[in-house]
Amino acid sequence: MTEIEIGRGKRGRRAYSFDDIAIVPSRRTRDPEEVSISWQIDAYQFGLPFLAAPMDSVMSPDTAIAFGRLGGLGVLDLEGLWTRYEDPTPQLAEIASLDGAAVTARMQELYAEPIKPELITARLTQMREAGVTVAGALSPQRTQEHWKTVVDAGVDLFVIRGTTVSAEHVSSHAEPLNLKRFIYELDVPVIVGGAGTYTAALHLMRTGAAGVLVGFGGGAAHTTRQTLGIQTPMATAIADVAAARRDYLDESGGRYVHVIADGGMGRSGDVVKAIACGSDAVMIGAALARAVEAPGRGYHWGSEAHHLQLPRGERVQVGALAPLEEILHGPGRSADGMTNFVGALRRAMATTGYSELKEFQRVEVVVCPYSPA
């Protein structure tokens, strides 16, 4: 690909965000009712290709259950307040009420409470007893400490999620998590990420992961670009990782690894573009934090916002917009792409003539940078 000269000593590849691209209709259209958006990973099938991000402002055990019953996969943060406090309702209310200048320091204090293994078990058991697919997330740093508790509690899908996760972490202070050995010895499918490049994703696929999360630094509650200078524009990142999936399919003799876009999809059009660029499913956070049932009470934050040494996120106000079911299934009551994500995806696929998600990945995409007024 053509590189751009930044200066005489540095060149860079042009990368594209969702706002830089658009999909193009073809010669065929369909009825939206005849479009299938179901998705399957390993033995688990879902009516919607949506995963709820493991963030305290998005998912509680109750909202994970509700999200599962609506057709998606709710992923609970097993390092969040729900595994640190017996009843974190007062802590969640306090975070929502804090003055902006004090919120980071107070969140650091609240999240300093130790994780309790018995609460991990209790939360996952609650989800299992509700009859939904059970998914929980740990960071790579905490996986070795808590994985056995998670598996013993009966998790169906194990998510290892970090700002960036590599298959080759190097440390002179502690033995790093050996992802390949860990996944090989585990009896449940693992989704791992984030990754933002072809090479990083290919190495994660070779560990035996069932799915790879794509993206870091681009979500609504992240400040990674400002604090670390790191960002992966999502349209390019997804297309790169989709290419790694294709090449790994050939390399492995037919093993398919699911690509899951993670971050930067606050509106339904972004979800449509993520799948058009090659993702099999999407993990959404801010969009679901706007649900009136969301534990964040109109606010949204991630684990980066309370990092003890270097916070790389913030609490942002997203508002309590609509019930969870309305955000997913509609009806939409405004034209801003914040409700009826399912209807928008169906309509986009129908307008461009595609009936299956895998087919829709072949839709024509054009580069046309767009700046909202």
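A compact table of results
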| read-out | value |
| --- | --- |
| Long-range HN-HN contacts of Met283 with modeled amide H, under 5 Å | Leu51, Ala261, Asp262, Gly263 |
| Where labels lie 7 Å past Cα in the beta-carbon direction, separation of Gln108 and Leu308 in nm | 1.1 nm |
| Share antiparallel - DSSP beta bridges, segment 1-159, percent rounded to 5 | 45 percent |
| Prolate/oblate/rounded call for the chain, Cα gyration tensor, a/c under 1.5 rounded | rounded |
| Net dipole in debye of segment 90-145 [+1 Lys, Arg Cβ; -1 Asp, Glu Cβ; about Cα centre; nearest 20] | 200 debye |
| Longest exposed-site-free window of the chain, the sites being GluC sites (Glu not before Pro) in a DSSP loop that have at most 14 other C-beta atoms within 10 Å | 169-355 |
| The chain: relative contact order as a whole-number percent, Cα under 8 Å and 6+ apart | 22 percent |
| Cα-based shape type of segment 233-353, given that a ≥ b ≥ c are square roots of the gyration tensor eigenvalues and the cut on a/c is 1.5 | oblate |
| Computed [θ] at 222 nm, helices only, for the chain once each DSSP H run of length n ≥ 4 contributes -39500 (n - 2.57) | -9500 deg cm²/dmol |
| Cβ-based exposure ranking for Ser279, Ser355, Ser303, in which fewest neighbours within 10 Å come first | Ser355, Ser303, Ser279 |
| Distance between segment 69-93 and segment 143-160 - C-alpha centres, whole angstrom | 16 Å |
| Among Val259, Val316, Val212: highest mean-square fluctuation, GNM of the chain, C-alpha pairs under 10 Å | Val316 |
| DSSP beta bridge pairing in the chain, given as percent antiparallel to the nearest 5 | 30 percent |
| Residue order, fewest to most surrounding Cβ atoms within 10 angstrom, among Asp152, Asp20, Asp270 | Asp152, Asp20, Asp270 |
| Theoretical FRET efficiency, 1/(1+(r/R0)^6), r = Cβ-Cβ of Asp62 and Asp187, R0 25 Å, to 0.05 | 0.35 |
| Lys, Arg +1 and Asp, Glu -1 on Cβ, resulting dipole of the chain about Cα centre, debye, nearest 20 | 1000 debye |
| Label-point separation, Thr29 to Asn178 (7 Å along Cα→Cβ), nm | 5.7 nm |
| Among Asn178, Met283, Ala261 the positive-end extreme of the charge dipole of the chain (Cβ point charges) | Ala261 |
| Point-to-point label distance, Ala101-Arg255, nm (Cα→Cβ direction, 7 Å offset) | 5.4 nm |
| Chain lengthening between Glu359 and Thr227 when straightened (0.36 nm per residue, less Cα-Cα) | 43.7 nm |
| Cα shape, segment 1-94, gyration tensor, a/c 1.5 rule | oblate |
| Residues Cys277, Cys368, sorted so that the one with the fewest Cβ neighbours within 10 Å comes first | Cys368, Cys277 |
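Read-outs throughout are calculated quantities, based only on the coordinates presented, and are distinct from any laboratory measurement. Computed from a predicted model, the values in this text were never measured in an experiment. Every residue, glycine among them, receives a Cβ derived from its backbone with ideal geometry; neighbour counts consider all protein chains shown.
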